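Colleague: This is the structure, below, for whatever I ask next.
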């Protein structure tokens, strides 16, 4: 059975990274759509110059809103599998086929985890500790062992697509969606991936905000667990 | 504090907590506001269950009575919530203005495109102005 796959690339102020991402994705030949989240830099110019498929949002929605836009597009255009690949170049497209294979083998959502094999760039020590706390919380609530709950490198099938295009967390989508999907008894799996360090520009999560971020995410997961 | 007052306060706080949890369950609140309200409800319940905390705060703040402390804290909390709400409203207003402008510009571009398409395909039609009128009149 041939699956129709769409790569969703959210991008916010990635003028120095997005060209690289476009070139790599074109090499692999998947359908992809770049969501320009109202970037204030030259990201849109790069997209126009490359004549890629893109959606340029009129206001900045953040990672949650931008990715959901991609899911809406994927759902409405009949795609079977949607894969998120960040516009900053940290996700390596060579793992996309592994994600797709895992989804096809019967999982509803497959996450590319940096911590199963601990290769490649695994982020700062402070963030790793925070993610450990998150993993623990998720395991406690949902009895599912997720080693990399903040990884945006993930693929989902049409069942999950149908949910996301209508209902997607706004603030901290990566861990919140795990709770959201696991609560509905869908099957989630992780596969090992190696991620790259950010090559240009700045991450939108500064190191100063990391601790505050971690507390907020833990609380959000608890709220998400209470919901519905 | 009389036992009856103490009991009424605890029951009142439990009702508030149940109400907040039901709001969260029904997804009536954005996650971040759910966090604020449920933490507030828990703190309120804590005050009701352990009045010593309020006593300590009364002493710390130099307030006359325990009830004054509770009023003061609740008023400060409500002030912060209102200010935060007006900030959110201002932010959303700007975004709505931007969205309206984008929709207006989109409609105008679409109408121009429809015009171009009809002009192109109606090369053999005698009355082009009538088609133009039809497009311009429908929103």
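The values are calculated or read from the model by the stated rules, or taken from the named source; none is laboratory data. Bear in mind the structure is a predicted one, so any value in this text is a computation, not a measurement. Don't worry about glycine lacking a Cβ; one is built from the backbone with ideal geometry, like all the others, and counts go over all protein chains shown.
Colleague: Filter the range A:184-199 down to residues that are more than 27 Å from residue A:89 (Cα to Cα) and touching a helix residue (DSSP H, G or I) at 6+ places or on another chain (Cβ under 7 Å), then give me how many there are.
Modeller: Within the range A:184-199, the subset more than 27 Å from residue A:89 (Cα to Cα) is A:184-187.
Add one more test, that the residue is touching a helix residue (DSSP H, G or I) at 6+ places or on another chain (Cβ under 7 Å), and what stays is A:186.
So the answer is 1.
Colleague: Kindly establish whether residue B:124 is in a helix (DSSP H, G or I), at pLDDT below 95 and farther than 30 Å from residue A:60 by Cβ.
Modeller: no
Colleague: Looking only at the range B:39-80, count how many residues are closer than 29 Å to residue B:23 by Cβ and either touching a strand residue (DSSP E or B) at 6+ places or on another chain (Cβ under 8 Å) or outside any helix (DSSP H, G or I) (or both).
Modeller: Qualifying residue count for the region: 1.
Listed here are the residues, each with its yes/no results for (1) free of Cβ contacts under 8 Å to residues at least 40 places away in the same chain; (2) within 14 Å of chain B (Cβ to nearest Cβ); (3) crowded, with 16+ Cβ neighbours inside 10 Å; (4) over 28 Å from residue B:93 (Cα atoms).
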position: A:19; (1), (2), (3), (4): yes, no, yes, yes
position: A:34; (1), (2), (3), (4): no, no, yes, no
position: A:38; (1), (2), (3), (4): yes, yes, yes, no
position: A:54; (1), (2), (3), (4): yes, no, yes, no
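Colleague: Report the residue count in the range A:147-176 for those that are within 13 Å of another protein chain (Cβ to nearest Cβ) and either touching a helix residue (DSSP H, G or I) at 6+ places or on another chain (Cβ under 6 Å) or touching a residue at least 60 places away in the same chain (Cβ under 8 Å) (or both).
Modeller: Qualifying residue count for the region: 8.
Colleague: Residue B:29 versus (1) part of a helix (DSSP H, G or I); (2) surrounded by 14 or more Cβ atoms within 10 Å (Cβ to Cβ); (3) within 14 Å of chain A (Cβ to nearest Cβ): which is the lone unmet condition?
Modeller: Result: residue B:29 fails condition (1) only.
Colleague: Looking at (1) exposed (fewer than 14 other Cβ atoms within 10 Å of the Cβ); (2) away from chain A (no Cβ under 14 Å), which is the one condition that is false for residue B:91?
Modeller: With respect to (1) exposed (fewer than 14 other Cβ atoms within 10 Å of the Cβ); (2) away from chain A (no Cβ under 14 Å), residue B:91 is out only on (2).
Colleague: Another question, then. Hey, can you tell me all the residues within the range B:1-15 that are buried (at least 17 other Cβ atoms within 10 Å of the Cβ) and under 30 Å from residue A:183 (Cβ atoms)?
Modeller: Passing the criteria: only B:13.
Colleague: Can you say whether residue A:79 is more than 16 Å from the chain's Cα centre (by Cα), under 15 Å from residue A:160 (Cβ atoms) and assigned to a helix (DSSP H, G or I), as far as the supplied structure shows?
Modeller: Judged against the criteria, residue A:79 is not a match.
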